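We did not get these values from a lab; they are worked out from the coordinates using the rules stated. Please read these numbers as outputs of a predicted model, since none were measured by experiment. Neighbour counts are summed over all protein chains in view; Cβ atoms, including those assigned to glycine, are modelled from backbone coordinates with ideal geometry.
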Amino acid sequence: MRYEEPEPIDRAAAIVMLESGDAEQAESAIIQLALSDPDGNWVILQALRLLKSRIGSVRATAATAIGHVARIHGSVDKDTVLPALHALMTDPETAGRAEDALDDIEIFAK
């Protein structure tokens, strides 16, 4: 597998992908949004919705997106995201990515 830099995505296309029911599309969209959308708070709202997915990889990718927002924007609503990320710590599918996101928040978010 070769790494490819995610391309920016507009919100309309992202919403279609997020709501498609396809895990790969949702994961791609949330990462693209986290890396390119100027409104970190809006991206966090989308990621929080994905944290409720029944698919572990979607939840894990949403946690990564939250970490990216913290790093890029320098802030997140800690009262909202910290409990959501801590809830992922008991799930082996998501614990590592949640821990990474928590580290990003601690380092980058004021």
* Could we say that Thr80 is part of a helix (DSSP H, G or I), free of Cβ contacts under 8 Å to residues at least 60 places away in the same chain, in contact with an Asp or Glu (Cβ under 6 Å, 6 or more places away or on another chain) and not aliphatic (A, V, I, L, M) here? -> no
* State all residues of the range 68-87 that are touching a Lys or Arg at 6+ places or on another chain (Cβ under 8 Å) and either crowded, with 16+ Cβ neighbours inside 10 Å or on the phi < 0 side of the Ramachandran plot (or both); if no residue qualifies, say none. => Ser75
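Could you name every one of the helices (runs of 4 or more DSSP H) located completely within the range 1-76 that has at least 2 residues being touching a residue at least 12 places away in the same chain (Cβ under 8 Å) and within 9 Å of the chain's Cα centre (by Cα)?
Hits in the range 1-76: 23-36, 40-50, 56-73.
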